[in-house]
Amino acid sequence: MHTFRGSRPTLEAVAAHAGVSRATVSRVVNGGAGVRAEVREKVRHSVEELGYVPNNAARTLVTRRTGAVAVVIAEPESRVFADPFFAQQLRGISRELSAHDTQLLLMMLERGKDYERIGRYLSAGHVDGALMFSLHDDDPLPGMARQTGLPAVFGGRPGWPGAEDEPGLLYVDTDNRNGARQAVAHLQSRGRHKIAIINGPLDQTSALDRLHGYCDALGIAAGEADPSLVAQGDFTAEGGELAMARLLDSCPQLDAVFAGNDLMASGALRTLRARGRRVPEDVAVVGYDDLEPAAWAEPPLTTVRQDVEGMGEMMARLLLRRIGLAEEASDAAPPAPVVTPATLVVRESS
């Protein structure tokens, strides 16, 4: 890269170096359309050669874009930084945003009053759009996005009333119901008859869909599950540990458990060891997610794989398309919700 002393290179200097007009350089620098690929590449080469750095304040005035996207996770810091699910999803989001020269602004919810702070920030024009996930049924975040007109993409199937009929609603999810069916069908194929479930919070659609998949595989309606085989967890290892203890107390003869995520499954394994139950000889265990710790568990955990990192990339890609920051063919279909497949990964725990 050429190094300049004195004043920094201007838009005019880049135009002269590339042999194009100032307007063409402006369109390339600001992500505008209507520039041929070879011209765009020539301008980018000149920008790099001259060391030109766009004035972000001026660019925002011209494009009405900030070059930033908010990632709002409706969970406290203690949960976000302890659960590898969020790290993987953020990795995918960050990779896609970085590829389009867009910054990631992470926002989390520690207390109820944080909603007001986040709402003020999102409505003040600091970001071009928002990615929101780990939402709960009564979460005000979707309403905030609608009220401000901020483009948004959601992680997980929306569960608020009327969401299915909302035009243009975008989300990315995995087929949670089918994934749970696969998990329980696998346990049945291994000859297990007393199959318990450790749920995640039922005000989240992922947990509700997995409960319905469990019931589907057992051939029962959701309200017909044996209460002695159903325990409520919170998607944490500690919650899985406590839920497993309650299940063993309420149904000592259970011979399998499906946990709603890998962290709760790891907690269940700890309780089973503490109670002297062998896995899988006495109790088979299946989790959900297939994050790295699943393969490190003792024994290695059978689980349902969802492409968490890929889902993060898809969320970011949908939002970039919605706000016009991603190049796409003129005949491309409009952005639409994405549901990715879930796949059973069999290991020693079952």
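The values are calculated or read from the model by the stated rules, or taken from the named source; none is laboratory data. All of these numbers come straight from a predicted model, not from anything done at the bench. Ideal geometry is used to build each Cβ from the backbone, glycine not excepted, and the neighbour counts take in all protein chains shown. Please note that ligands, DNA and RNA were not included when accessible areas were found on the heavy atoms of the full protein model with its side chains. Shrake-Rupley method; radii C 1.70, N 1.55, O 1.52, S 1.80 Å.
Taking every alpha-carbon pair in region 119-256 and binning the separations at 5 Å intervals from zero gives 2, 9, 16, 18, 16, 11, 9, 8, 6, 3, 1, 0 percent. Summing charges over neighbours of P252, with a neighbour being any other residue whose Cβ is under 13 Å away from its Cβ, gives +1 when K and R count +1 and D and E count -1. Taking L320, L301, L242 as the candidate residues, the one with maximal mean-square fluctuation in a Gaussian network model of the chain, Cα springs under 10 Å, is L242.
Per residue, the accessible area of region 98-195 comes to 50 Å² when a 1.4 Å probe rolls over the protein heavy atoms.
Given the alternatives [x] 1.00; [y] 1.03; [z] 1.09, Rg/Rh (Cα atoms, Kirkwood Rh) as computed for this entry is given by [z]. Report the relative contact order of region 175-309, percent, no decimals, based on alpha-carbon pairs under 8 angstrom and at least 6 residues apart. About 23 percent, as a whole number. For the chain, set up a Gaussian network in which alpha carbons nearer than 10 Å are linked by springs, and say which option among E38, E241, E75 fluctuates the most. Highest fluctuation among the options: E38. Surface exposure of region 227-307, expressed per residue as accessible area with a 1.4 Å probe, stands at 38 Å². Between amide H atoms placed 1.01 Å from N, distances below 5 Å from V285 occur with V257, S350, all of them 5 or more places distant or on a separate chain. Using a probe radius of 1.4 angstrom, the carbon and sulfur fraction of the accessible surface of the chain is 51%.
Amide H contacts of T174: T340, each under 5 Å away and 5 or more positions distant or on a separate chain (H built 1.01 Å from N in the peptide plane; Pro and chain starts excluded).
Pairwise Cα separations in region 240-306 fall into 5 Å bins from 0 onward with the following percentages, short to long: 4, 20, 34, 25, 13, 4, 1.
Under the convention that each Lys and Arg Cβ holds +1 and each Asp and Glu Cβ holds -1, the size of the dipole of the chain around its Cα centre is about 1040 debye.
Local charge for D203 was computed over the other residues whose Cβ lies under 12 Å away, with Lys and Arg +1 and Asp and Glu -1, and equals -4. Around the amide H of G129, modelled in the peptide plane, lie the amide H atoms of A70, all under 5 Å away and 5 or more residues distant in sequence or on another chain.
Dividing the summed -39500 (n - 2.57) terms of all DSSP H runs of n ≥ 4 by the residue count of the chain sets its mean residue ellipticity at 222 nm at -13000 deg cm²/dmol. The trypsin sites (Lys or Arg not before Pro) of region 228-289 that DSSP puts in a loop, and whose beta carbon has at most 15 other beta carbons within 10 Å, are R275, R278.
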